[in-house]
Every structure is written in C-alpha cells, then in structure tokens.
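Beneath this line is the structure, given in structure tokens, with notes to follow.
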Amino acid sequence: MMSLTIRAARPGDEKSWRDLWSGYCNFYGTVLAPEVTDRTWQRILDPESAVMCLIAEVDGQVYGFANCVVHEATWETQPVCYLEDLYVLPSARGHGIGGALIEWLRHAMRAEGWARLYWMTREDNTAARRLYDRHASADGFVRYVVRQK
Ligand SMILES: CC(C)(COP(=O)(O)OP(=O)(O)OC[C@H]1O[C@@H](n2cnc3c(N)ncnc32)[C@H](O)[C@@H]1OP(=O)(O)O)[C@@H](O)C(=O)NCCC(=O)NCCS
C-alpha cells in the first residue's frame with residue numbers, strides 16, 4: 001500500500017466519510033435516521049466533542065475510517081478510548097489499512113495518556129477478528145443492551 005496517511009477527519013472529508021459510513025451501516029444491515037448521521041459528523045468535527053474520527057487516505061483518496069469516543073472510566077484515573085466503528089472500503093481490504101488505523105490509535109493512547117484502547121465486535125465477524133487477534137486479546141466480556149425504543 002503506497003503512501004498511506006492516517007489523520008484526523010477534516011470538513012472536506014464529509015462526502016468520503018458519508019459514503020464509507022453508508023457502506024458500514026449496510027454491512028451491519030442498519031438504517032440510521034439521517035439526523036443521526038448528521039449529528040455524528042457534526043460531533044466528529046467539534047473539538048469539544050468526545051467523538052473523533054481518523055481517516056485513512058492513500059494518494060488523496062479516502063479508503064477507511066475509525067470513529068472513536070474518548071471517555072472517563074471508573075476503573076481508571078485517565079480517560080479511555082473506545083473504538084466504536086472501523087471500516088475499510090471492500091476493494092481496499094487486506095492491504096493493512098485496518099491494521100494501520102489500530103496502530104495509529106495505539107500510538108495515540110501513549111501520546112494522549114489514555115489508560116486503554118478497547119473495542120468490540122460480533123463473535124462471528126471472522127474477517128475483523130483475524131485482524132483484531134493480531135493486535136489485542138478478547139477479554140471474554142459479553143455485551144448486554146437495553147434500548148429506550
Ligand atoms: C475489518 C476491516 C476494517 C479490516 O480492514 P483491512 O484494511 O482489510 O485490514 P488489514 O488489511 O489490516 O487486515 C485484514 C485481515 O483480513 C485478511 N484479508 C485479506 N484480504 C482480505 C479481504 N479482501 N477482505 C477482508 N479481509 C482480508 C487479511 O488476511 C488480514 O489478516 P492477515 O494480515 O492476518 O492476513 C474490514 O474488513 C472491514 O471494513 N470490514 C467490514 C466492517 C467491519 O467488520 N468492521 C469492524 C466492525 S467491529
């Protein structure tokens with residue numbers, strides 16, 4: 001993969017991010033209300049928000065993103081980083097972009113003083129888990145969810 005750059009999202013990435021975000025939602029079979037996507041993009045650009053987005057770019061073209069939330073944690077004195085969404089354009093997979101986004105976050109963890117970086121995925125997401133197993137260990141926690149509606 002030539003000249004891969006990982007960087008924070010900028011206003012000019014909106015179209016590329018929205019296209020990839022749409023692919024990510026399709027991957028999960030999810031249809032989000034447009035206002036949710038709008039709000040997520042707004043928060044990504046808002047320096048006061050805990051939401052941030054990394055963009056993976058090759059020769060000026062955006063191929064992937066990682067959306068994260070940095071938050072407080074009761075088991076740590078320092079903030080922690082939750083990698084909430086990770087996506088690479090299907091045609092660009094298998095070239096190390098997903099791994100590079102995770103590596104960038106590992107470095108940011110040290111630079112920013114986050115106590116930990118964590119993420120979760122579906123048990124049967126074998127492609128993602130192959131990648132994740134090279135970067136971290138699953139800790140066996142199971143997620144329970146209660147929804148308002
Ligand atoms: C998971 C995902 C982000 C990985 O991105 P990526 O850029 O392909 O990641 P990498 O190239 O760094 O590593 C991918 C691994 O999958 C394998 N792979 C190879 N070709 C592949 C392909 N065409 N498609 C998918 N995976 C491939 C590679 O073998 C690699 O593992 P290896 O280095 O041990 O061989 C990407 O597959 C994706 O966007 N999937 C759909 C969304 C998703 O599942 N997101 C994670 C949800 S938590």
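Annotations
- Residue 135 versus residue 115: modelled label distance in nm, points set 7 Å from Cα along the beta carbon direction: 2.2 nm
- Once the Cα-Cα distance is subtracted from the 0.36 nm per residue extended length, the residue 36 to residue 8 segment shows a gain of 8.0 nm.
- Mean ellipticity per residue at 222 nm, deg cm²/dmol - from DSSP H runs of n ≥ 4 across the chain, formula -39500 (n - 2.57): -11000 deg cm²/dmol
- For region 92-149, convex hull volume per residue from C-alpha positions, Å³: 146 Å³
- Global geometry of region 44-86, whether rounded, prolate or oblate, following the gyration tensor of its Cα atoms and the 1.5 cut on a/c: prolate
- Whole-number percent relative contact order across region 4-119, with pairs defined as alpha carbons under 8 Å at least 6 apart: 25 percent
- The fraction of accessible area contributed by carbon and sulfur in the chain is 51 percent, rounded to a whole number (1.4 Å probe; ligands and nucleic acids excluded).
- The residues of the chain present an accessible area of 66 Å² per residue when probed at 1.4 Å with all protein chains retained.
- Dipole check for region 93-149: with +1 at the C-beta of Lys and Arg, -1 at the C-beta of Asp and Glu, and the Cα centre as origin, the magnitude is about 200 Debye.
- The largest accessible area among 123, 112, 57, 84 belongs to the first residue in 123, 112, 84, 57, and the rest follow in falling order (1.4 Å probe, all chains).
- Among residues other than residue 5 with Cβ under 10 Å from its Cβ, the summed charge is -1 (Lys and Arg +1, Asp and Glu -1).
- Whether the chain is rounded, prolate or oblate, judged on the alpha carbon gyration tensor where a/c under 1.5 counts as rounded: rounded
The values are calculated or read from the model by the stated rules, or taken from the named source; none is laboratory data. Quantities reported herein were computed from a predicted structural model and do not represent experimental measurements. Cβ: placed from backbone, ideal geometry, glycine included. Neighbour counts: every protein chain shown. Note: areas computed on protein heavy atoms with side chains; ligands, DNA, RNA excluded. Shrake-Rupley method; radii C 1.70, N 1.55, O 1.52, S 1.80 Å.
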